[in-house]
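A short worksheet on the structure shown next.
Here, each number is a calculation from the coordinates, and none is a lab measurement. Computed from a prediction, not measured in an experiment: that's the story for all the values here. For neighbour counting, all protein chains shown are included, and Cβ atoms are generated from backbone atoms with ideal geometry for every residue, glycine included.
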Amino acid sequence: MSFPISPDGLKKEEIAMILTKALRFSDIKSVADLARTVGMKRRTISDYFNARRRPPQHRWNALRNALVTEEGPFVEIQQVEDEIDFNCSKEELEEIIKHSEEMKSALALLMEEAAYFKDKPAKARIILKKRLPKKEVGYAVSLLEALYSENELEILKTFTEED
């Protein structure tokens, strides 16, 4: 999901989701830090994050400027189109970016959870292995690796097609 230039047409819940995701991927650590950065009251920003109010355009601009960086996940469609030489509709590109960001969020969560088990005793990892479906974990790892090589992806698809 991108960070739109304007909140017009967005539901309060969509605004809250966009802000939450942007904050998670930004260098700003909390709503309080964001409030200090943009010079707004923490309660006002909390209202936006909790879908109680919609920000006016000038506040949306300030939040967007604080949360969106060129290296962050909320790259503009035009930037992506400039970087990638293929033709697709704006809607297709937005959907691809949305799913890419969802995978990035899921990966961040997975990494955080995996790090928890890294420093735990072996018994914690044994419990984890008993609770996770080995086949699905193996497939997920293979699929993630294959996504970086079109050739490997075609091989994976060939061997994992269901009859």
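Here the Karplus curve 6.51 cos²θ - 1.76 cosθ + 1.60, taken at θ = phi - 60°, turns the phi angles of the stretch 92-108 into couplings of 4, 5, 4, 5, 4, 5, 4, 5, 4, 5, 4, 5, 5, 5, 5, 5, 4 Hz, with x standing for Gly and Pro.
In a solvent-free Debye calculation with one equal scatterer on each Cα, what is log10 I(q)/I(0) for the stretch 89-160 at q = 0.11, 0.17, 0.19 Å⁻¹, listed in the order of the q values? Here the Debye-derived log intensity ratios amount to -0.42, -0.86, -0.98.
Rounded to the nearest 20 Debye, what is the dipole magnitude of the chain about its Cα centre when Lys and Arg each give +1 and Asp and Glu each give -1 at the C-beta?
For the chain, the charge dipole is close to 1840 debye.
Comparing 33, 119, 47 in a Gaussian network model of the chain, where Cα atoms under 10 Å apart are tied by springs, the biggest mean-square fluctuation is seen for 119. Our compactness index for the chain, the C-alpha radius of gyration over the empirical 2.2 N^0.38 Å, is 1.30.
Put a dot 7 Å past the Cα of residue 126, heading toward its Cβ, do the same for residue 43, and the two dots end up 5.4 nm apart.
Please identify the longest segment of the chain free of exposed chymotrypsin sites (Phe, Trp or Tyr not before Pro), where exposed means a DSSP state other than H, G, I, E or B and no more than 12 other Cβ atoms within 10 Å. All intermediate terms of the calculation are to be shown ahead of the outcome.
Details: sites that count: 86, 148.
Here the longest run is 1-85.
When the chain is treated as a GNM with alpha-carbon contacts under 10 Å, the residue of 120, 135, 11 showing the greatest mean-square fluctuation is 135. Taking 94, 136, 150 as the candidate residues, the one with maximal mean-square fluctuation in a Gaussian network model of the chain, Cα springs under 10 Å, is 150.
Can you flag which of 12/41; 21/104; 130/157; 11/104 are past 20 Å Cα-Cα? As for pairs spanning more than 20 Å Cα to Cα, those are 130/157; 11/104. Ordering 30, 17, 2 by the projection of their Cα atoms onto the charge dipole of the chain, which places +1 on the Cβ of Lys and Arg and -1 on the Cβ of Asp and Glu, puts 30 at the extreme positive end.
Take every pair of alpha-carbon atoms less than 8 Å apart whose residues are at least six positions apart; their mean separation over the length of the chain yields a relative contact order of 23 percent.
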